[in-house]
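Chemist: Below is the structure I would like to discuss, written out as structure tokens.
The values are calculated or read from the model by the stated rules, or taken from the named source; none is laboratory data. Only a predicted model underlies this, so the values are computations on that prediction, with no experimental measurement involved. Positions of Cβ are backbone-derived with ideal geometry, glycine not excepted, and every protein chain shown enters the neighbour counts.
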Amino acid sequence: MKYFLCFLFIVFSLQITAQKSDFKNLNFEKSDNTAKLLKGENLYNLPLLTYNLTSKLDTDVEKFRAIYTWICQNIKGDYYMHRKVSKNRDKFKNDSISFLDWNKEYSKKVFKKLLKNKKTMCTGYAYLLKTMSEIANIECRIIDGYHRNTFANIAELSLPNHSWNAVKLNNKWYLADATLSSGYTDLSLDTFIFDYNDGYFLTDPKIFIQHNYPLEKKWTLLNPELSKVTRFLNTPLMYGAAIKQKIYHDSSSKMNTEISKNETVNFHYNFLEPLALDKIELRVDEQSSAIKTRVTQISKERNTFNISCNFNRKGLYDIHLYYKNEIISSQSIEVKNKI
């Protein structure tokens, strides 16, 4: 027996401008090919490596792209280094001075391992991108803050757990996250898998804030209303595929919602690029059971779609949006007799 019905309808809203689209007239093929030609180069002479990556490129954004792509395709993430830092961050969470002392000493090992083995964690990615960009005379900053995942920064901020970059191109600041672009660790194989995600390259800040939040609010690159920390903490959980496909939630969507039985919920989604309607799927899970609801209509000229679901049985439901069989977002609905 099915306990709810789901419908799709389209609403119109103004499309935001993706940051990478500022350079839509540029073709990054030359930058990407340059990075591929230098695959496997070591880090012992960063000025020479940076020169070889950028000397034949005309614009700063093309040069930054070549550096960024090379890092993402050549530097492996070190999960065990990340775990060690996280463990000590928790250990010293009430003693920031002791953690800073420990971190200062451990940073020496981090950068030694980066240089020798081309393996690192987020701080190493951000440091390398900043250093090579500055060698190429491109202004770049390391941004420390919070990354949101299933274990951290849900509803309330945990300890800072991530670093990324802001880069200045044509007198305008942009955001980029080489760590999350590069790939992931397959723990079952105990190995890092290179899996480039272009979505984290010059990401629109309105999308970026649903994944990362800086210690300094100004680096959200958003106005005060849009840069509220609640926008980061309370929206549904977004995954890497969401930023790759440029799908995001609007400000009205919440991670956890309580409703009364027989109430209808509208799930709002926005997108910046055309979607294949037959590849969109909503999965509604209740304990061990699940119902898959495939979207059957969508306007490729709009950038917002809603899926409307009626829940007529009490329970806790996990709502997952999938696109091309990749999970996009998750949120929860608790249905009560009456609220």
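Chemist: Residue 167 fails exactly one of the following numbered conditions: (1) surrounded by fewer than 22 Cβ atoms within 10 Å (Cβ to Cβ); (2) in a strand (DSSP E or B); (3) among the hydrophobic types (A, V, I, L, M, F, W, C). What is the number of that condition?
Modeler: Condition (1) is where residue 167 drops out.
Chemist: For the range 218-255, name all the residues that are surrounded by fewer than 18 Cβ atoms within 10 Å (Cβ to Cβ), in contact (Cβ under 8 Å) with a residue 12 or more places away in the chain and not in a loop (DSSP other than H, G, I, E, B).
Modeler: Correct list: 229, 233.
Chemist: Could you list all residues from the range 305-324 that are surrounded by fewer than 17 Cβ atoms within 10 Å (Cβ to Cβ) and either β-branched (Val, Ile, Thr) or part of a strand (DSSP E or B) (or both)?
Modeler: Matches in the range 305-324: 306, 308, 310, 315, 316, 318.
Chemist: Filter the range 115-162 down to the residues that are of a type in the set (Gly, Ala, Ser) and touching a residue at least 40 places away in the same chain (Cβ under 8 Å) and list them by number.
Modeler: Within the range 115-162, 124, 126, 133, 136, 145, 155 meet the criteria.
Chemist: Which members of the range 127-155 meet the condition of being modelled with pLDDT under 95 and either closer than 18 Å to residue 69 by Cβ or over 18 Å from the mean Cα position of the chain (by Cα) (or both)?
Modeler: Of everything in the range 127-155, just one residue is modelled with pLDDT under 95 and either closer than 18 Å to residue 69 by Cβ or over 18 Å from the mean Cα position of the chain (by Cα) (or both), namely 127.
Chemist: Among residues belonging to the range 256-288 that are assigned to a loop (DSSP other than H, G, I, E, B) and small (Gly, Ala, Ser), point out the one that is surrounded by the fewest Cβ atoms within 10 Å (Cβ to Cβ).
Modeler: Of everything passing the filter in the range 256-288, 288 is surrounded by the fewest Cβ atoms within 10 Å (Cβ to Cβ).
Chemist: Here's something else I'd like to know. Sort out which residues of the range 191-201 are surrounded by fewer than 14 Cβ atoms within 10 Å (Cβ to Cβ) and either among the aliphatic types (A, V, I, L, M) or under 16 Å from residue 149 (Cβ atoms) (or both), and write them in order of number.
Modeler: Residue satisfying the conditions is 193 alone.
Chemist: Kindly establish whether residue 188 is in the same structural domain as residue 279 (by TED's automatic domain parsing), surrounded by fewer than 13 Cβ atoms within 10 Å (Cβ to Cβ) and either farther than 18 Å from residue 145 by Cβ or at pLDDT 90 or above (or both).
Modeler: Criteria not met by residue 188.
Chemist: Out of everything in the range 289-304 that is assigned to a loop (DSSP other than H, G, I, E, B) and among the basic types (Lys, Arg), what residue ends up being modelled with the lowest pLDDT?
Modeler: It comes out as 300.
Chemist: Kindly indicate the residue of the range 325-339 that is part of a loop (DSSP other than H, G, I, E, B) and either among the polar types (S, T, N, Q) or surrounded by 14 or more Cβ atoms within 10 Å (Cβ to Cβ) (or both) and also modelled with the highest pLDDT among those meeting that condition.
Modeler: In this case the residue turns out to be 325.
Chemist: Given the criteria of a type in the set (Ser, Thr, Tyr) and at pLDDT below 95, does residue 220 qualify?
Modeler: no
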